[in-house]
1. Any residue that is free of Cβ contacts under 8 Å to residues at least 40 places away in the same chain, touching a helix residue (DSSP H, G or I) at 6+ places or on another chain (Cβ under 6 Å) and surrounded by 16 or more Cβ atoms within 10 Å (Cβ to Cβ) - is there at least one of those in region A:159-179?
2. Would you point out the residue of region A:107-138, among those that are outside any strand (DSSP E or B) and crowded, with 19+ Cβ neighbours inside 10 Å, that is nearest to the other protein chains (Cβ to nearest Cβ)?
3. Of all residues in region A:273-313, count the ones that are surrounded by fewer than 22 Cβ atoms within 10 Å (Cβ to Cβ), within 14 Å of chain B (Cβ to nearest Cβ) and touching a residue at least 40 places away in the same chain (Cβ under 8 Å).
4. What number of residues within region A:316-327 are within 14 Å of chain B (Cβ to nearest Cβ) and surrounded by fewer than 17 Cβ atoms within 10 Å (Cβ to Cβ)?
5. Take region B:187-239 and flag every residue that is among the basic types (Lys, Arg) and more than 21 Å from residue B:51 (Cα to Cα).
6. Against the definition (part of a loop (DSSP other than H, G, I, E, B), polar (S, T, N, Q), crowded, with 18+ Cβ neighbours inside 10 Å and modelled with pLDDT of 95 or more), how does residue A:154 come out, yes or no?
7. Do you know which of the residues in region B:328-365 that are free of Cβ contacts under 8 Å to residues at least 24 places away in the same chain and part of a loop (DSSP other than H, G, I, E, B) is surrounded by the fewest Cβ atoms within 10 Å (Cβ to Cβ)?
8. When you go through (1) touching a His at 6+ places or on another chain (Cβ under 9 Å); (2) part of a loop (DSSP other than H, G, I, E, B) one by one for residue A:196, which number turns out not to apply?
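The values are calculated or read from the model by the stated rules, or taken from the named source; none is laboratory data. Computed from a predicted structure; not experimentally measured. Positions of Cβ are generated from backbone atoms using ideal geometry, with glycine treated the same way; all protein chains shown enter the neighbour counts.
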There are 2 protein chains.
Amino acid sequence: MKFIIQRDQLIASIQDVMKAISSRTVVPILTGMKIEVKQHGITLTGSDSDISIESYIPAEEDGNVNVEQIEEGSIVLQAKYFPDIVRKLPEKTVEIEADENLKVTIRSGKAEFNLNGQDAEEYPQLPKLQTDDSFELPTDLLKSLIKQTVFAVSTMETRPILTGVHIKLEEGNLTFTATDSHRLASREVPVSDSNTAFPSVVVPGKSLNELNKILDDTEEPVEISVTNNQILFRAKNLNFLSRLLDGNYPETSRLIPEQSKTVLYAKTKELLNTIDRASLLAKEERNNVVRLNTQGDNVINITGNSPEVGTVSEEIVVQSMEGEELKISFSSKYMIDALKAIEYEEVKVEFTGAMRPFIIRPANEDPILQLILPVRTF
Amino acid sequence: MKFIIQRDQLIASIQDVMKAISSRTVVPILTGMKIEVKQHGITLTGSDSDISIESYIPAEEDGNVNVEQIEEGSIVLQAKYFPDIVRKLPEKTVEIEADENLKVTIRSGKAEFNLNGQDAEEYPQLPKLQTDDSFELPTDLLKSLIKQTVFAVSTMETRPILTGVHIKLEEGNLTFTATDSHRLASREVPVSDSNTAFPSVVVPGKSLNELNKILDDTEEPVEISVTNNQILFRAKNLNFLSRLLDGNYPETSRLIPEQSKTVLYAKTKELLNTIDRASLLAKEERNNVVRLNTQGDNVINITGNSPEVGTVSEEIVVQSMEGEELKISFSSKYMIDALKAIEYEEVKVEFTGAMRPFIIRPANEDPILQLILPVRTF
């Protein structure tokens with residue numbers, strides 16, 4: 001095995017693949033990174049069993065030569081050392097060579113590293129997903145869907161299914177939903193050109209967080225395919241494979257109130273900043289609880305209280321307010337997360353009384369829905 | 001007590017003063033920040049007993065009004081909350097008011113915080129240093145002196161005096177020296193216009209690190225005064241007071257070899273990067289030991305070795321080399337620290353055999369001196 005490659009390109013691929021590699025794994029060879037060399041290009045693979053990432057560097061692309069002097073073969077290198085070594089090499093190109101005794105030589109300029117490799121035959125085979133049953137989404141839209149929902153997954157292992165995001169594709173509509181049973185985040189988008197449907201898969205929140213870090217903010221399509229227990233995201237030169245969570249995701253639609261008693265429209269940023277300030281003196285209480293009181297004349301009052309430290313109170317004039325008067329308490333953290341996910345200038349908040357879940361949506365009715373359960377303090 | 005102040009200016013002062021405040025202190029009131037309001041300006045004070053920082057905001061400066069509606073008084077506010085509150089306020093100005101019951105109100109726009117203050121009378125008085133016996137140094141030069149020496153202080157409390165930097169002013173020469181007994185860093189600069197002299201003070205490394213963070217990189221002078229057990233650094237609108245370490249600093253001059261057997265000149269950056277690469281495979285050994293072998297024809301070879309992982313070897317052509325052949329092993333970390341402190345393009349390294357300390361200096365003979373004890377491996 002041998003090749004000469006552009007260092008910067010190798011670094012970019014290594015960084016992506018490293019997202020899947022953990023130093024704490026029960027399968028020792030998974031602490032390593034697999035390098036597979038073919039005449040058409042180089043594939044790097046990292047995996048922690050839950051997530052597997054393959055990054056491909058084509059030997060030639062758009063008329064540019066990325067990889068030269070290719071001799072086919074494969075090897076596994078310790079991921080603890082390999083990335084730092086490549087990053088600190090002196091020249092712009094790197095030569096990597098492995099002999100039949102699994103001895104690897106990395107050369108750049110006058111620097112030469114000799115590393116003990118491991119046999120790539122011992123590296124687990126990644127499952128090959130059938131991609132007949134797949135659909136496409138622009139990368140930036142996929143990133144938005146993840147960002148607007150994944151923060152709401154549960155971090156408690158008591159109900160493992162809630163640590164994932166529920167993904168559903170039905171009648172051309174794709175829905176992402178996450179809930180930790182105190183709040184819920186969901187968004188629906190139409191998917192064009194797809195005859196595919198899958199009723200319900202649950203992808204670990206951790207997988208989607210890592211995927212979001214790797215994907216560039218482009219309009220290039222990502223191809224998504226699902227089997228019984230795996231989901232594959234295929235972007236340009238990148239395969240991201242995650243296991244799915246077992247079990248039935250709870251029916252969440254009944255949580256969402258159909259009627260509302262108090263509705264207000266506000267500037268998202270203004271409401272967010274006010275809640276953020278109130279949360280500064282809500283730290284002592286469980287869940288950083290703040291209170292919202294309606295005051296009439298489109299004025300609402302947000303307060304926070306930390307008995308030992310002090311209180312904070314702020315009035316804001318909202319765009320409009322209709323319905324019953326209201327005093328309600330809720331987690332400032334949940335509200336801040338929800339408002340950050342809205343991504344539109346104006347927000348609509350619908351309450352159904354102090355003890356019922358309330359809903360935050362963009363004022364323009366884009367189907368982003370954030371739901372928060374209030375806290376009993378009055 | 002009352003005043004209205006520019007928020008950004010208050011934030012800058014708070015950030016400086018916070019460097020002295022620790023949440024773990026035996027004197028509870030020192031978890032707070034003292035605010036002292038006089039007609040001429042506002043003084044913020046923070047202290048952890050070892051370090052005390054006073055930041056002054058003049059009511060007027062260069063014809064600009066910084067503070068308005070001043071009513072004199074003072075208060076202590078919990079430093080855990082106050083900085084975040086000010087940082088997140090909605091408007092560019094802040095009104096702060098304290099009543100006789102130590103209730104503090106912070107107003108900005110429609111946000112109002114009510115905090116429980118503490119009596120400023122209970123805040124410890126900072127010692128007033130006589131500044132007759134003082135000298136001045138440009139701020140950027142003081143920062144260089146700190147940066148080039150402080151990293152070499154000991155982190156072990158077994159010999160507390162070595163956790164400080166030894167500062168000496170004699171015959172118009174100011175010397176900073178630090179050593180952890182495995183390496184030594186020192187620099188000497190002439191001090192103009194000073195008839196002051198002090199034989200030997202030892203300032204905690206931690207104090208100098210914090211001071212370095214606060215000082216801006218300007219040529220403005222810093223006034224330095226010393227008493228028996230305190231040192232005061234006085235910059236524009238800033239007083240930084242540190243306790244001194246008790247005890248006698250060891251005589252370090254006899255550590256420095258007067259003769260050398262092998263002398264080489266190299267490009268600082270090139271030598272640094274080569275050692276850095278060799279250190280990647282020296283992690284497993286104690287102190288990240290790398291080896292340097294002279295090869296003749298101005299070539300030196302740097303190697304690192306981690307038995308389980310692999311080896312690294314790199315040759316560099318130095319500018320010139322004279323004297324005996326040499327094989328020497330040393331801590332790559334110490335060498336990297338020393339080379340980073342040199343701040344000049346070319347470096348002179350003087351060896352006196354494989355088991356004697358060696359010296360790194362700028363090639364231009366600027367009196368920066370870095371000394372490293374080798375490690376016995378051959």
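1. yes
2. A:117
3. 1
4. Taking region A:316-327 as the starting set, the residues that turn out to be within 14 Å of chain B (Cβ to nearest Cβ) are A:316-318.
Checking which are surrounded by fewer than 17 Cβ atoms within 10 Å (Cβ to Cβ) leaves us with A:317.
The number of residues fulfilling the criteria is 1.
5. B:187
6. yes
7. B:365
8. Among (1) touching a His at 6+ places or on another chain (Cβ under 9 Å); (2) part of a loop (DSSP other than H, G, I, E, B), the lone unmet condition for residue A:196 is (1).
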